[in-house]
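Remarks on the structure that follows.
What follows is calculated from the coordinates using simple rules that are stated; it is not laboratory data. Since the structure is predicted, the reported quantities are computational estimates derived from the model, not experimental observations. Using ideal geometry, Cβ is built from the backbone for each residue, glycine included, and neighbour counts are taken over all protein chains shown.
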Amino acid sequence: MNAPRKLKVATASLAGCFGCHMSFLDIDERLLDLLELIEFDRTPLTDIKHVGANGPVDIGIIEGGVCNAENVHVLRDFRANCKILISLGACSVNGGLPAQRNHLDLRDILKAVYSTDTGLASGTQVPNDAELPLTLNMVHPLHEVVKIDYFIPGCPPSGDAIWKFLTDLLAGQTPHLGHGLIHYD
Amino acid sequence: MIDASQVINSVLERHGRDGTRLMQILRETQESLNWLSPETITAIAAGVGWPRAKVEGTAGFYSFFHTQPRGKYRVLWSDNITDRMLGNMDLMQAMCKQLWLEPGHLSEDGLVSVETTSCTGLCDQGPAVLVNYRAIPRMTAERVEQMAELIRKEIPVADWPAEWFVIEDNIRRADILLGCVMAPGEALKVSLARGAEAAVEMASNERSWREAVHSADPGPSVTLDEIKKSGLRGRGGAGFTTGLKWEACRNAPTTGENATRYVICNADEGEPGTFKDRVLLTRQPDLVFEGMTVAAYVIGASKGYVYLRGEYRYLLEPLNALLARRREQSLLGKNILGRAGFDFDIEVHLGAGAYICGEESALIESLEGKRGVPRNRPPYPVTHGFLNQPTVVNNVETFAAAAMIAGRGGDWYRSFGTAKSAGTKILSISGDCERPGIYEYPFGVSVRQVLEECGAKNTQAVQISGPSGICIAPKEFDRRIAFEDIPTAGAFMVFDQSRDIFEVVRNFMHFFAHESCGFCTPCRVGTTLLKNLMDKIAAGHGTQYDLKEIHQLNSVLQISAHCGLGHTACNPLVHTLERFRPAYERRLKSLDFEPAFDLDAALSQARQMTGRDDADAHLSNELETVSEKA
Amino acid sequence: MMSDTFNIDGQEIPFTPGQSVMQAALTAGVFIPHLCYHPEFRPHGSCKLCTVKVNGRPASSCTLPAAAGMEVESNTPEILDKRRSLLQMLLVEGNHFCPSCEKSGNCQLQALGYELEVFTPHFNQFYPNRPVDASHPDILLDLNRCILCELCIRASAEVDGKNVFSLSGRGITKHLIVNAESGKLGDTDFALTDKAAQVCPVGVILPKRIGFAVPIGQRHYDAAPFSAHVDEFKPTAASQGERS
Ligand SMILES: Cc1cc2nc3c(=O)[nH]c(=O)nc-3n(C[C@H](O)[C@H](O)[C@H](O)COP(=O)(O)O)c2cc1C
Ligand code: SF4
Ligand code: SF4
Ligand code: SF4
Ligand code: FES
Ligand code: FES
């Protein structure tokens, strides 16, 4: 019997802190077991720039919420090229800490950051370079922008939780996180 | 300059500094002072001896109380779907333009605000407005202009053209109830006489009738027998058998110092499209009061209240005048019609813009000066109602019918209608028909016959009993108005082929979200989620995914909502998804998912701040299948 | 004398007359999810997490009087699904950012989310603009997390005799207010020792200068899930009395 094809996994960090990626690495030596089953497509750990450039991806994992136009493009790219899309971590699940700005008007925030004289050289303007992605009025969780198949909450989710979730998924079971593994903080 | 503390004091005095009268205290104070400032709330709280926060909580619950300063004029456009069909939105926009303001905002000079309000019960003569809580039907572009002019010139509403305030009854078909000519007091006299007859045959060795046990006067119990015999069922929606309700109340013990029973007439009539209680209180108010007095006689009540919706403020003075006349005629007050110990009086209480207060236990809370939140049941009002005493709550029409039954007998009444639905039902007909208005039919009339008689053509759908009722399609027009087929509280809204059923339902979902009392999680949050979903579909961003969400929210509300509002809030959606699914589907995207919000609009503030408008400064709302960006 | 019983998911539950289904279940050590229920107060019936089906009909178990022979369904897939939706509604209605919340680990809303495996708020976030009131010297009031269970209102009125809290607004605009013309907690007679300062199931009423005192791992719901804490919620004599 042939060994089953390795599942292709891609990851990305949007408006997150990389905490979730660190946690992913935190599954330690089990990462090696995992690599028996999966191979990485685009991730911050690989050089591949475009998700799915080397053919369709089985599982996409995204940390961080959606706070600017670029995040939207990356997220849609993932959705278009991944069979399963997982929202990983507090920020991607409900906006997390970045979303705590949501009750403020973005214009006031930009003004406060760029146009008041705390630290920045006087006369500093809100940057309008076309290369820079524009910021959204509010930070949004991933599932408000694309359809998400699975969620792993936590800030960050523990390595154990990620491991349990992925191994359940790879085994073809609905993932469960029992007491101690599921957490929102 | 009005002296606020003097106003507050005299209002408090008038109401005996009684906190349970808070609704009336707040309304009367506001009528003089224009709004309820923090200081006013503090003074009223001190006056009635309640915690300040509790008084603020009551004031904050009702749409017609203002805890923020407001203009000299407040124009509220009735926003039922029937008003919309008559063009109220364009008229409101025109008015806002003429007054230089945005809907929902006070004008810059603080003079006037223009906004919408839930159905005002003038659907047969819309579009309607309330100006400082005075109803004005039949708005036109010309009237909008004149009104804007009067407002700009600061002419007091009292000096506006009197014909603007004329409310038509529009009775198109009268039957036994609307056609009833019974002298005031007749039903009571018949009841007392019936008792006297029965007394001849009965031994009298029991406690007084006020204790609700058969007594020297068997009148209450023989009158109750007539009500039971008539088969009368409640006309307010739920259709509970009136005789059984009265009997349960009559048998419930009273408690405490002020032990008594209460009769409450539910004239909240908040269900959009319903206006028959307004007409009954205009054309047959004696019959309604008589029915309440009969109820008091039967159950042994000493006090009655009419809970009149704030939208019908203009009826307060005529009703009070009529009550005064009935007192003079010994039909109210002490020893009614000379019967020793038969003491009963009625008072009209005004609501303040909250549909939920039509729910009987929320109504009672409101009548006690509190937020209109439905109580946990059991216990029910018949045992623990107003001030925790046994209380009968009935609809206006129920009381009017009860008076007729007391006067003419249960068998007589039973001879009208169907075997399971005795008597007649008054329908309030509005929407696409030539002759909107009030139609009284014996139960059992078919929808088709009603449609023919009101002059409805090319009818696509009929919404019966309001948003919380049922929406039916032409193939069901042979169904009948009756408890055993289509029960109704009275609303009958007609939509012809030119109407967009989706927009009808969207209007209803906005209504429920606005009127949810907010007590329980499923309704408080769920009605807003549903409203947002409908808006999303309306904006062209809906998918099958959103329809699934609607079904999930419906099942959550069905299983867990606290009261009828939450239980029925999804009815319009469920009924129309069954019958008019294409009205939804043609708005849906073929994709199975669309963002929850408008992505491109979400970049608006950043575009404004950076002055950018290049391609990258925009986002399409469509999912890009192949993206060049990463 | 044998007491009467009813049945929850196949298990016989004894009860004494006047007990609610919730009280009888907790007394028997059977967990039914709840948020607005509190053993020392009369039942409220607003959160609806305790929804069950009784003889096939839905009811709130905290307000429903127990009766002999009732067949109660509680942990069925259908009911668990609805309870999850209710929790998700509460999560999106407010602003719940657990990583920055002092109540995290001791919070009943969060613990119930874990219990029911709520991985996502699912619905669209409301991100409401709600105030934080720091005017009181000892207590912070962060209304972003209020779930409107009214426990603080009941505690302040019934135990403290102060009526510090009340509700205003209606529907989705319903919100907690305090008993002061300024609207500020600092202008009320609220005290850290009040019962109302102890009852909030979530992170709204927080003592100042305590912060994240208990390390992760030792917080109330770290060691064992919500359902293992039934003993803390067993009814007291006071709450067994008259229901209203
Ligand atoms: C949300 C809601 C609104 C209601 N509104 C009214 C109303 O406006 N008028 C009314 O008579 N009954 C209304 N009801 C029904 C009352 O709760 C109650 O059943 C009725 O007043 C009893 O009177 P009846 O037996 O004469 O019908 C409403 C019920 C609910 C749940
Ligand atoms: S169902 Fe709606 S209206 Fe009824 S109690 Fe709940 S929140 Fe209030
Ligand atoms: S109150 Fe509970 S659920 Fe809300 S943020 Fe705090 S810990 Fe999380
Ligand atoms: S502050 Fe806490 S206790 Fe009070 S209503 Fe809100 S969640 Fe409940
Ligand atoms: S991105 Fe993982 S915790 Fe915020
Ligand atoms: S615990 Fe029963 S409704 Fe909240």
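In this rough spin-label picture, where each label sits 7 Å from Cα along the Cβ direction, the residue B:189-residue B:162 distance is 3.4 nm. Summing +1 for each Lys or Arg and -1 for each Asp or Glu among the other residues whose beta-carbon sits under 11 angstrom from that of residue A:7 gives 0.
In order along region B:54-67, phi translates into HN-Hα couplings of 5, 5, 4, x, 5, 4, x, 7, 9, 4, 8, 9, 10, 9 Hz, rounded to whole numbers, per the Karplus curve 6.51 cos²θ - 1.76 cosθ + 1.60 with θ = phi - 60° and x for Gly and Pro. Report the residues of region A:127-170 in range of a label on residue A:18: point 7 Å along Cα→C-beta, backbone N strictly under 17 Å from it. Counting only backbone N, you get A:156-157.
Residue separation of residue B:142 and residue B:586 scaled by 0.36 nm, minus their Cα-Cα distance, works out to 156.1 nm of gained length.
Distant-in-sequence amide contacts of residue A:40, defined by a placed amide H-H separation under 5 Å and a gap of 5 or more residues or a different chain, comprise A:9.
Mean per-residue shielding of peptide C:99-109 is 3, counting Cβ atoms of other chains within 10 Å of each Cβ.
How charged is the neighbourhood of residue B:455? Take every other residue with its Cβ under 10 Å from the Cβ of residue B:455, and add Lys/Arg as +1 and Asp/Glu as -1. Result for the neighbourhood of residue B:455: -1.
Sorting A:46-55, A:89-98 by their mean Cβ neighbour count within 10 Å, with the most densely packed peptide first, gives A:89-98, A:46-55. Taking the Cα centre of chain A as origin and assigning +1 to Lys and Arg Cβ atoms and -1 to Asp and Glu Cβ atoms, the resulting dipole is close to 460 debye. Cross-link partners for residue C:82 among the lysines, with Cα-Cα distance under 23 Å and sequence neighbours closer than 8 places in the same chain left out: A:147, B:531, B:548, C:48, C:53, C:174.
Simple rule: put +1 on each Lys or Arg Cβ and -1 on each Asp or Glu Cβ in chain B, find the dipole, and look at B:237, B:110, B:456; the Cα lying farthest toward the positive end is B:237.
How much of the calculated P(r) for the protein assembly as shown lies past 60 Å, in percent of all Cα pairs?
More than 60 Å apart: 14 percent of the Cα pairs in the protein assembly as shown.
Taking label positions 7 Å along the Cα-Cβ direction at both residue B:196 and residue B:604, the computed distance is 7.5 nm, reported to one decimal.
DSSP loop (so not H, G, I, E, B), at most 11 other Cβ within 10 Å: list which GluC sites (Glu not before Pro) in region B:113-178 pass both filters.
Working: sites: B:115, B:142, B:145, B:149, B:154, B:163, B:168; in loops: B:154, B:168.
When the GluC sites (Glu not before Pro) of region B:113-178 are filtered for loop state and at most 11 Cβ neighbours within 10 Å, B:154 remain.
Averaged over the residues of peptide C:212-222, the number of Cβ atoms from other protein chains lying within 10 Å of each residue's Cβ is 1.
Annotation: amide H-H contacts under 5 Å for residue C:13 (H modelled 1.01 Å from N, sequence separation of 5 or more, or interchain): C:6, C:7, C:8. For the peptides B:4-11, B:383-390, residues were scored by their other Cβ atoms within 10 Å and the scores averaged per peptide; the highest-first order is B:383-390, B:4-11. What the Cβ-Cβ distance of residue B:34 and residue B:434 gives, at R0 = 45 Å and to the nearest 0.05, is a FRET efficiency of 0.60. Site pair residue B:175 and residue C:232 shows an inter-label distance of 6.1 nm when each label is modelled 7 Å from Cα along Cα→Cβ.
With a cut-off of 15 Å between beta carbons, the residues surrounding residue C:12 carry a summed charge of -4, where Lys and Arg count +1 and Asp and Glu -1. Karplus-based coupling profile of region B:610-615, in residue order and whole Hz: 9, x, 7, 8, 6, 4, with θ = phi - 60° in 6.51 cos²θ - 1.76 cosθ + 1.60 and x standing for Gly or Pro. For region B:508-563, the gyration tensor built on C-alpha atoms gives an oblate shape. Its axis ratio a/c (a ≥ b ≥ c) is at least 1.5, and a/b is not larger than b/c. In terms of the mean number of neighbouring beta-carbon atoms within 10 Å, the peptides C:17-30, B:38-51, B:456-469 order highest first as B:456-469, C:17-30, B:38-51. For chain C, adding -39500 (n - 2.57) for each run of n ≥ 4 DSSP H residues and dividing by the number of residues yields -5000 deg cm²/dmol at 222 nm.
Here the extension length gained between residue B:500 and residue B:453 equals 14.5 nm, from 0.36 nm per residue of separation less the Cα-Cα distance.
For a straight C-alpha distance cut-off of 26 angstrom, the lysines reachable from residue B:97 (same-chain residues fewer than eight places away being disregarded) are B:72, B:153.
What is region B:73-167 by shape, rounded, prolate or oblate, if you read a ≥ b ≥ c off the alpha carbon gyration tensor as root eigenvalues and call it rounded for a/c under 1.5, prolate for a/b larger than b/c, and oblate otherwise? Verdict is oblate for region B:73-167. In this structure the amide hydrogen of residue A:84, modeled in the peptide plane, comes within under 5 Å of the amide hydrogens of A:59, A:60, none closer than 5 places in sequence on its chain.
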